[in-house]
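First up is the structure itself, then whatever we jot down about it.
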Amino acid sequence: MESVKISSLELENVKRIKAVRLVPTEKGLTVIGGNNGQGKTSVLDAIAWALGGDRYRPSTPNREGSVVPPRIRIELSNGLVVERAGKNSALKVTDPAGQRGGQQLLNSFVEELALNLPKFMEASGREKADTLLKIIGVGDRLYTLDREEKQLYNQRLAIGRIADQKGKFARELPFYEGLPEAPVSALELIQRQQEILLRNADNQRKRDRVQQIAGDLALGIQEMAQLEGQIKALLEKKTQLQYNLDRLKEDLEDARKSARDLQDESTAQLEEDLRNIETINIKIRANLDRDKAEEEAQGYQEQYDKLTGDIERTRQDRMDLLRGARMPLPELSVEEGELTYKGKRWDGMSASEQLRVSTAIVRELNPKCGFVLLDKLEQMDISTLRDFGIWLESQNLQAIATRVSTGGECSVIIEDGSVEAEPLPDLPRMPLEKWKEGVF
Ligand SMILES: Nc1ncnc2c1ncn2[C@@H]1O[C@H](COP(=O)(O)OP(=O)(O)O)[C@@H](O)[C@H]1O
Ligand SMILES: [Mg+2]
């Protein structure tokens, strides 16, 4: 459905208005100019009352000094004629076929904020953001992402604190260099000591044997001397003895050989270690405690880093979501629940940026509504005004605006409640071409 525009306007005796007729330009800006207090805002008030219903009824609609009641007649581009007239200013809505309608019919295509832009402009940053999110249809998903991010952030904060504490704790614990990784066992040291003592005893036995054999030999030699005189009788015994002696010599040689390179091992270090075993083990346990603490701190650090990744991803999702959404205006966004334009929050935008943002959002709220009322457009300088007019045209949006000015940028000038030098029946029109050329 083509959006609905205001095709023509006739006002008499409404508030400050005596008589105003106007054919607004179909798309783009229609600027109602004039000095202060001449009735510009009264024109917009009358339109809001006619189209928005009793909620927009001025407190004193009748023009002071007029005996004739207010009369409003608005023709809309969908063929409807909206009138308020008579003593009670009753609403009358007629369609092209002559059928009657009422406020409900008007409400189906008249966007409330298009009649009352200040209502949007005065809303909080969060309410504005909510309106935008509703339009682009990503509100729920964005809230989920924002909540997720917040949760992850808090989680990471807590983990980060623990990681810091644990790391600090680990670094403060003592550490000893050059010690075995596991505590030393006394039993093992004793076993090693006993093995060595056994080997040493064996060596001693071999040494004793050398001694003994040497003694035997000496005895034999002595005996031999004693037996010198009895050689003859004892020859057999001598032969035997000689044989024994030879054996013993050989054995002696062997025994000597095996005893020659014997080296006894020292148990001094083991004894020392045994004496120090408690001190050493205290240090080893301290090292183990420190390793454990460091490992724990490392674990928390890893969790922290993972959460950082999660937060980055959530932020990216959020950016993708907003980037993927079709915004009413380029560079509109929502950051931390607040509406932003070109990266600025509402209070950082210029007055004309605020107007443009509001208009763009209100435009999208109800695409059936093809017009918007803008009071006090003097906030825009001429070139901003021109850009705004061109943008409105590109949006197929009709804006009826007021501006304290009597310059060439005005479509009509209101003076003392009337359109100055009202040329009838050729109603004044917006000088569209002049706009585009930028000459007034
Ligand atoms: N019902 C009324 N009858 C006559 N004058 C009115 C009425 N209501 C307001 N005014 C006067 O109209 C003037 C404001 O009109 P307004 O349309 O706001 O002018 P503008 O927007 O051009 O400054 C004020 O001086 C106010 O006292
Ligand atoms: Mg005004």
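Could you please tell me which pairs satisfy a Cβ distance under 8 Å, a separation of 6+ or placement on different chains, a first residue in the range 305-326 that is under 15 Å from GLN151 (Cα atoms), and a second residue that is part of a helix (DSSP H, G or I) and open to solvent by 80 Å² or more (accessible area, probe 1.4 Å)?
Going by the 8 Å Cβ cut-off, the qualifying pairs are LEU307/GLN155; ILE311/TYR153.
Pull up the range 362-371, narrow it to residues that are touching a helix residue (DSSP H, G or I) at 6+ places or on another chain (Cβ under 7 Å) and surrounded by 23 or more Cβ atoms within 10 Å (Cβ to Cβ), then point me to the one that is nearest to ALA123 (Cα to Cα). Reasoning before the result, please.
Pass one, the range 362-371, residues touching a helix residue (DSSP H, G or I) at 6+ places or on another chain (Cβ under 7 Å): 362, 364-365, 369, 371.
Then drop every residue that is not surrounded by 23 or more Cβ atoms within 10 Å (Cβ to Cβ), which leaves 362, 369, 371.
Details: VAL362: 13, CYS369: 21, PHE371: 21 Å.
If we take residues in the range 362-371 being touching a helix residue (DSSP H, G or I) at 6+ places or on another chain (Cβ under 7 Å) and surrounded by 23 or more Cβ atoms within 10 Å (Cβ to Cβ), then VAL362 is nearest to ALA123 (Cα to Cα).
Suppose we keep only residues that are surrounded by 17 or more Cβ atoms within 10 Å (Cβ to Cβ) and at pLDDT below 90 within the range 270-326. Which one would you say is farthest from ALA158 (Cα to Cα)?
So, considering only residues that are surrounded by 17 or more Cβ atoms within 10 Å (Cβ to Cβ) and at pLDDT below 90, the one farthest from ALA158 (Cα to Cα) is ALA325.
In this structure, does LEU392 turn out to be within 16 Å of ligand 1 (Cβ to nearest atom), open to solvent by less than 30 Å² (accessible area, probe 1.4 Å) and not in a loop (DSSP other than H, G, I, E, B)? Working first, answer last.
Values: within 16 Å of ligand 1 (Cβ to nearest atom): no; open to solvent by less than 30 Å² (accessible area, probe 1.4 Å): yes; not in a loop (DSSP other than H, G, I, E, B): yes.
No.
I need the full set of residues from the range 1-32 which are of a type in the set (A, V, I, L, M) and either under 17 Å from ARG73 (Cα atoms) or more than 16 Å from ligand 2 (Cβ to nearest atom) (or both), in order please.
Of the range 1-32, the ones of a type in the set (A, V, I, L, M) are 1, 4, 6, 9, 11, 14, 17, 19-20, 22-23, 29, 31-32.
Of everything in the range 1-32, those that are of a type in the set (A, V, I, L, M) and either under 17 Å from ARG73 (Cα atoms) or more than 16 Å from ligand 2 (Cβ to nearest atom) (or both) turn out to be MET1, VAL4, ILE6, LEU9, LEU11, VAL14, ILE17, ALA19, VAL20, LEU22, VAL23, LEU29.
Report, by residue number, each residue of the range 131-153 that is open to solvent by less than 80 Å² (accessible area, probe 1.4 Å) and either outside any helix (DSSP H, G or I) or more than 14 Å from PRO328 (Cβ to Cβ) (or both). Steps first, please.
Restricting attention to the range 131-153, the residues satisfying the condition of being open to solvent by less than 80 Å² (accessible area, probe 1.4 Å) are 131-133, 135-139, 142, 144-146, 148-149, 152.
Correct list: GLY137, VAL138, GLY139, LEU142, THR144, LEU145, ASP146, GLU148, GLU149, LEU152.
Being more than 10 Å from ligand 1 (Cβ to nearest atom), buried (at least 23 other Cβ atoms within 10 Å of the Cβ) and over 28 Å from ASP387 (Cβ atoms) is the filter here, so list the residues in the range 20-60 that pass it.
TRP49, ALA50
Among the residues of the range 70-87, what is the count of those that are farther than 18 Å from ILE17 by Cα and open to solvent by 50 Å² or more (accessible area, probe 1.4 Å)?
So the count comes out to 3.
What residue, of ASP254, ASP264, ASP202, ASP216, is surrounded by 14 or more Cβ atoms within 10 Å (Cβ to Cβ), of a type outside the set (S, T, N, Q) and assigned by TED's automatic domain parsing to the domain that holds LYS283?
On the way: ASP254 fails: surrounded by 14 or more Cβ atoms within 10 Å (Cβ to Cβ); ASP264 fails: surrounded by 14 or more Cβ atoms within 10 Å (Cβ to Cβ); ASP202 fails: surrounded by 14 or more Cβ atoms within 10 Å (Cβ to Cβ).
Result of the check over ASP254, ASP264, ASP202, ASP216: ASP216.
Checking GLY65 against (1) at pLDDT below 95; (2) within 14 Å of ligand 1 (Cβ to nearest atom); (3) touching a Lys or Arg at 6+ places or on another chain (Cβ under 8 Å), which single condition isn't satisfied?
Among (1) at pLDDT below 95; (2) within 14 Å of ligand 1 (Cβ to nearest atom); (3) touching a Lys or Arg at 6+ places or on another chain (Cβ under 8 Å), the lone unmet condition for GLY65 is (3).
The values are calculated or read from the model by the stated rules, or taken from the named source; none is laboratory data. Here the structure is a predicted model, which is why all the values come from computation and not from measurement. When we count neighbours, we look across all protein chains shown, and the Cβ atoms used for this are built from the backbone with ideal geometry, even at glycine. Heavy atoms of the whole protein, side chains included, go into the accessibility calculation; ligands, DNA and RNA do not. Shrake-Rupley method; radii C 1.70, N 1.55, O 1.52, S 1.80 Å.
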